[in-house]
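Trainee: Handing you this structure, nothing more for now.
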Amino acid sequence: MMIWRTIPDTSRRALKWDATAALLGGLYLGALFPFLGVIARRDLHASPYLIALLGAGGSVGNLFTPLMAHHIRRRAKLPYVVWPWLVSRSIFLLMPLAVFAPTFVAICFLALAISALAGPAYAAVIRDAYPMERRGFLMGLVRVLAVAGSIVGALVAGSMLDRISFRWVFPAATLLGIAGVALFARIGVATKPDESSPPQAHPWDAFGLLITDRPFRIYAAGFFLYGLGNLILGPVIPVFQVDELAITSQWVGYLATVGAALSMIGYVWWGRVLDRKGPFRLLLMVIAVSAIAPLTYFLSHSVPVLLIAAAAQGFAMAGGDLGFVNAALRFGTRDAVPSYAGMFSFLQAVRGIPGPFIGAALSHAIGPRNVFPITLCLWAISALILFAGRRARLRSMENE
């Protein structure tokens, strides 16, 4: 109740519908996404390269986010969140047709690609919904509810998928996700076109941000390498879990639940760190926590040990998620937020399309276990870049 009283009146409506939508969306995400790679490998015998396509789907969509940012610059933003989410989630209703691995992967790929198009508009909507001084904290609270839903979704789906085909479990969970989109549409942010934003001469002008904004360029470089390491692990982890540890759907659910529980704590904790320390410090801390996961996988020879990795992944994921969205809000003015978000998403695509295939190729060439140290090396380089960038930014602020 005390938290509710400290929130401005204009933000309370947004928080109510955002949080309710997040809860339903979490049920949907928890019931589907932790199981996609394992089902593709175990039930449909997908190759590592087909599994890599699961990780590349969102990145292909992100290739077009600078164009989307340009398109919505002087338009109402909320519809460009609602419609991509609605269409992408509806595609999972086609899961009864996924009899073979290529069909399964194609459905997931298309859904993830379309969902990614909502990124620039979502950043703009959230910027208008919550005040800057409380934004990280409020976004953290919303994501706690999303994670709570994902815990329930993962536990229920994990127990059901060993007895009922994913072709029926996934569409049922998708209906909850669609309901969540309908609720998010009531968030209360202005739906009229934004005529105050200056027109952009060309849709690719957003790329100039990497040249003109040095702090953004440094942060983007560090974030790029950190995300590349995660994407490389995308196809490696399910192959390692299935081929070397013979994991069951129930244990996939347990791992997802532990990760989700730690991310609930993480969203609240990282939200406060973000509000107080900023995006550079946040990402450095996220990388340090993330390193626990690949190290655990590299040393593990039984499934229960992976609970440590799941906890680290969940806690770090919360910080990375908040940092990704809020960096665009911190670097950009109101009218430039879609462009910054679009550039972040485009850079995700540049690393996201080859990243999973690099992971699949490395897994095939040297074995999945030996890929984990490579990710640790990438993250070490990322941390050095961010550390140098943070020191340079602090010096420039002192000189001002």
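The values are calculated or read from the model by the stated rules, or taken from the named source; none is laboratory data. On a predicted model such as this, the values are computed, not experimentally measured, just so you know. As a convention, Cβ positions derive from the backbone with ideal geometry for all residues, glycine included, and neighbour counts pool all protein chains shown.
Trainee: Tally up the residues in the range 216-259 that are farther than 24 Å from Gly355 by Cα and assigned to a helix (DSSP H, G or I), please.
Mentor: Of the residues in that region, 7 qualify.
Trainee: Listed residues Met68, Met95; which is in a helix (DSSP H, G or I), within 24 Å of Val350 (Cα to Cα) and out of contact with any His (no Cβ under 9 Å at 6 or more places or on another chain)?
Mentor: Met68
Trainee: Examine the range 44-54 for a residue that is at pLDDT 75 or above, buried (at least 21 other Cβ atoms within 10 Å of the Cβ) and among the β-branched types (Val, Ile, Thr), and state whether such a residue exists.
Mentor: Yes, that holds for at least one residue.
Trainee: How do the pairs read when you match residues in the range 92-121 that are closer than 14 Å to Phe35 by Cβ and in contact (Cβ under 8 Å) with a residue 60 or more places away in the chain with residues anywhere that are assigned to a helix (DSSP H, G or I) and among the basic types (Lys, Arg), using Cβ under 8 Å and keeping only pairs 6 or more apart or on different chains?
Mentor: Listed pairs, sorted by first residue: Met95/Arg167; Ala98/Arg167.
Trainee: Filtering the range 263-281 down to residues that are surrounded by fewer than 21 Cβ atoms within 10 Å (Cβ to Cβ) and at pLDDT 80 or above, which residue is nearest to Val242 (Cα to Cα)?
Mentor: Filtering first and then ranking leaves Ile265.
Trainee: Go through the residues of the range 69-77 one by one and say whether even a single one is under 24 Å from Phe184 (Cα atoms) and free of Cβ contacts under 8 Å to residues at least 40 places away in the same chain.
Mentor: no
Trainee: Pick from the range 89-147 the residues that are touching a helix residue (DSSP H, G or I) at 6+ places or on another chain (Cβ under 6 Å) and of a type in the set (Lys, Arg): which of them is surrounded by the fewest Cβ atoms within 10 Å (Cβ to Cβ)?
Mentor: Per the criteria, the residue is Arg127.
Trainee: Pull out all pairs, ordered by first then second residue, where Cβ-Cβ is under 6 Å, the residues are six or more apart or on different chains, the first lies in the range 18-30 and is surrounded by fewer than 23 Cβ atoms within 10 Å (Cβ to Cβ), and the second is part of a helix (DSSP H, G or I).
Mentor: Sorted first by the residue in the range 18-30, then by its partner, the pairs are Ala19/Val142; Ala19/Leu145; Thr20/Leu183; Leu23/Leu145; Leu23/Gly149.
Trainee: Can you tell me how many residues within the range 266-309 are under 21 Å from the mean Cα position of the chain (by Cα) and not in a helix (DSSP H, G or I)?
Mentor: Summing the residues that are under 21 Å from the mean Cα position of the chain (by Cα) and not in a helix (DSSP H, G or I) in the range 266-309 gives 2.
Trainee: Still on this structure: I'd like the full set of residues that are under 17 Å from Met343 (Cβ atoms) and hydroxyl-bearing (Ser, Thr, Tyr), limited to the range 43-71.
Mentor: Ser59, Thr65
Trainee: On to the next question. Go through the residues of the range 87-100 one by one and say whether even a single one is over 26 Å from Arg41 (Cβ atoms) and either modelled with pLDDT of 90 or more or not basic (Lys, Arg) (or both).
Mentor: Checking the range 87-100: at least one residue is over 26 Å from Arg41 (Cβ atoms) and either modelled with pLDDT of 90 or more or not basic (Lys, Arg) (or both).
Trainee: Being among the polar types (S, T, N, Q) and either surrounded by fewer than 22 Cβ atoms within 10 Å (Cβ to Cβ) or modelled with pLDDT of 85 or more (or both) is the filter here, so list the residues in the range 148-164 that pass it.
Mentor: Within the range 148-164, the subset among the polar types (S, T, N, Q) is 150, 159.
Selection gives Ser159 alone.
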